[in-house]
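Engineer: After the structure tokens below, expect a handful of questions from me.
The values are calculated or read from the model by the stated rules, or taken from the named source; none is laboratory data. Remember, it's a predicted structure, so these values are computed and weren't measured experimentally. Here Cβ is always computed from backbone atoms with ideal geometry, including for glycine, and neighbour counts include all displayed protein chains.
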């Protein structure tokens with residue numbers, strides 16, 4: 001386990017406004033990665049973009065699980081090919097007790113691996129080699145959206161009641177656990193109940209952009225939500241698909 005306190009004094013006056021706008025970005029990032037070059041790359045990228053960020057990293061999956069419990073990171077970057085246990089196992093264990101946003105960063109590019117990672121609770125999936133700015137953008141979206149829902153009032157679309165500030169979801173009297181991304185998707189569907197939310201607008205709201213593969217990622221997350229919410233996920237009533245366009249949550253009066 002290694003801590004990196006990243007502090008740099010900005011000396012370019014043109015950057016002062018941007019720094020003030022993002023000075024609250026003092027997030028703690030947990031990196032579970034055994035490639036030291038990757039660790040250095042991400043450390044430097046964070047240092048240059050968010051000097052106040054704190055990076056905690058380990059090359060072991062077992063330690064990664066323990067650090068989520070002990071360090072309370074704002075976001076986790078997780079490799080799948082670890083020397084002790086599989087990154088999938090790390091993901092599975094973390095999701096037993098935490099809904100911290102998790103980005104998988106791996107060389108595994110097979111569709112089966114991507115689907116498995118998202119179905120097991122990852123919020124995002126990136127393939128190595130990766131672009132540093134894209135990774136930072138994904139991190140920013142995952143962490144910033146947590147704060148943007150902090151003062152949002154609960155949403156009700158019977159039988160669902162969702163509080164975005166705490167990510168607490170109830171279907172009737174039953175509480176349902178959601179990952180960060182599932183909660184964000186549901187928030188936008190409930191907020192626009194009765195209207196179709198297009199793939200592009202939903203992806204931009206969740207990840208900040210309609211990146212390659214975003215539609216497939218949405219499909220996996222929607223399937224997971226249906227499994228949690230629907231009496232019959234194969235014939236959904238709460239989250240409907242508008243083929244080729246997006247998804248919508250019908251109001252109770254619109255359901256058949």
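Engineer: Residues in region 9-28: is at least one under 20 Å from the mean Cα position of the chain (by Cα), under 27 Å from residue 120 (Cα atoms) and modelled with pLDDT of 90 or more?
Structural biologist: Yes; the residues of region 9-28 include at least one that is under 20 Å from the mean Cα position of the chain (by Cα), under 27 Å from residue 120 (Cα atoms) and modelled with pLDDT of 90 or more.
Engineer: Turning to a different aspect of this structure: Please count how many residues of region 160-191 are surrounded by fewer than 21 Cβ atoms within 10 Å (Cβ to Cβ), touching a helix residue (DSSP H, G or I) at 6+ places or on another chain (Cβ under 6 Å) and either at pLDDT 90 or above or under 13 Å from residue 239 (Cα atoms) (or both).
Structural biologist: So the count comes out to 2.
Engineer: Next question. Identify, please: which residue in region 112-124 is touching a helix residue (DSSP H, G or I) at 6+ places or on another chain (Cβ under 8 Å) and either part of a helix (DSSP H, G or I) or modelled with pLDDT of 95 or more (or both) and is, among those, surrounded by the most Cβ atoms within 10 Å (Cβ to Cβ)?
Structural biologist: 117
Engineer: If I filter region 139-159 for residues that are within 24 Å of residue 77 (Cβ to Cβ), at pLDDT 85 or above and outside any loop (DSSP other than H, G, I, E, B), do I get at least one hit?
Structural biologist: yes
Engineer: Could you please let me know if residue 202 is in contact with a helix residue (DSSP H, G or I) (Cβ under 7 Å, 6 or more places away or on another chain) and either outside any helix (DSSP H, G or I) or within 23 Å of residue 159 (Cα to Cα) (or both)?
Structural biologist: yes
Engineer: Return the only residue of 208, 213, 194 being exposed (fewer than 13 other Cβ atoms within 10 Å of the Cβ) and over 18 Å from residue 226 (Cβ atoms).
Structural biologist: Only one candidate qualifies: 194.
Engineer: Is at least one residue of region 40-50 surrounded by 20 or more Cβ atoms within 10 Å (Cβ to Cβ), modelled with pLDDT under 95 and more than 19 Å from residue 181 (Cα to Cα)?
Structural biologist: yes
Engineer: State which residue is surrounded by the most Cβ atoms within 10 Å (Cβ to Cβ) when the search covers only region 216-256 and only residues that are touching a residue at least 24 places away in the same chain (Cβ under 8 Å) and assigned to a loop (DSSP other than H, G, I, E, B).
Structural biologist: Step by step, filter region 216-256, then rank; the result is 249.
Engineer: Of all residues in region 165-199 being more than 22 Å from residue 74 (Cα to Cα) and assigned to a loop (DSSP other than H, G, I, E, B), which is nearest to the chain's Cα centre (by Cα)?
Structural biologist: 192
Engineer: Moving to a separate point now. Going by the conditions given, is residue 81 modelled with pLDDT of 90 or more, part of a loop (DSSP other than H, G, I, E, B) and either under 23 Å from residue 184 (Cα atoms) or assigned by TED's automatic domain parsing to the domain that holds residue 142 (or both)?
Structural biologist: Yes; evaluated as a whole, the condition is true for this residue.
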